[in-house]
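What follows is calculated from the coordinates using simple rules that are stated; it is not laboratory data. Treat the numbers as computed from the prediction; the structure is a model and nothing was measured. Neighbour counts run over all protein chains shown; Cβ positions are idealised from the backbone, glycine included.
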Amino acid sequence: MKILLSLLQWTDLRARVAVLMISALAVLSLLESSSRSCLAQSSPLTRVDSTSASNPSNAQGGASGEDADHTLETHRNEFGVWAGGSFGLPSSIPGSRDRSIPALVAVRYGRVLFAGTAAALEYTLDLVPVAVVSGPAGLPEVPPPGSTGRERVYGAGFAPLGFKLFLAPEHRLKPYITASSGAFYFAKQFPVPNSAQFNFLSTGGGGVQFFITPTKAISAEYRIGHLSNANIGKLNPGFNSSVILIGFSIFK
């Protein structure tokens, strides 16, 4: 509930940025859909006729784009890698106390649970061998004004609870929204002394996955997340962060 209330308190500038990103993703999806429809109408090779039936190799070659469009129906296991960080972005949710996540590197396994014409749902599990968090160095729970020293703390974790909802899953360019949650362990207590080395990170966001071949895809994603220790430490000054991620996946 606190996170929901914080989301409603986004500044006008950040809200406009979010709207622009969502609009851009929608325009890209519509352009890709229109382009594919125009090619299908103008090219006789996209129709299954007697010539294609008598020459299976031609039919297979002409259907490579369609195979990419329907990958989630025929290849339901995703194996991927992704990486990213905050890149100096301000927090999307108030209350971050000048803390961020400069770097994340992960490997992913995903399983498509359902694939339809309008939407598809995938379960995801991420192992994160590299997680870097950053914040004011050696400060109490509330940093004093004018503090400039910073420190980076390294850790690792995993997110066993994740879901990705594809929209227009039968297009080669597949927009999606995603959410995940997991546990992380850091080299020292973070974000302040007397907090905890063990933290939880929950995220939500969206992106696009573009299939360069029927089974290989690249992705770009924007997430907002909240990291805290769920009150297992003496102090629990959780913080929020924005991250941009890019990835590569193979579907089998």
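Between beta-carbons, use under 11 Å as the cut-off and find the net charge around residue 217, counting Lys and Arg +1, Asp and Glu -1.
Net charge in that neighbourhood comes out at +2.
Please report, in whole Å³, the volume per residue of the convex hull around the C-alpha atoms of the range 184-247.
Dividing the Cα hull volume of the range 184-247 by its residues yields 92 Å³.
Cut-off is 10 Å between beta-carbons; in what order do 69, 98 appear when sorted fewest neighbours first? All intermediate terms of the calculation are to be shown ahead of the outcome.
Values: 69 20, 98 15.
Fewest-to-most Cβ neighbours within 10 Å comes out as 98, 69.
Could you name the lysines in cross-link range of residue 164, using Cα to Cα under 24 Å and dropping any fewer than eight places away on the same chain?
2, 174, 216, 252
Sorted from fewest to most neighbouring beta carbons within 10 Å, what does the list 202, 241, 195 look like?
Ranked by crowding around the Cβ, least crowded first: 202, 195, 241.
What ranking do 178, 117, 215, 71 get, fewest neighbouring Cβ atoms within 10 angstrom at the top?
Ordered by Cβ neighbours within 10 Å, fewest first: 117, 215, 178, 71.
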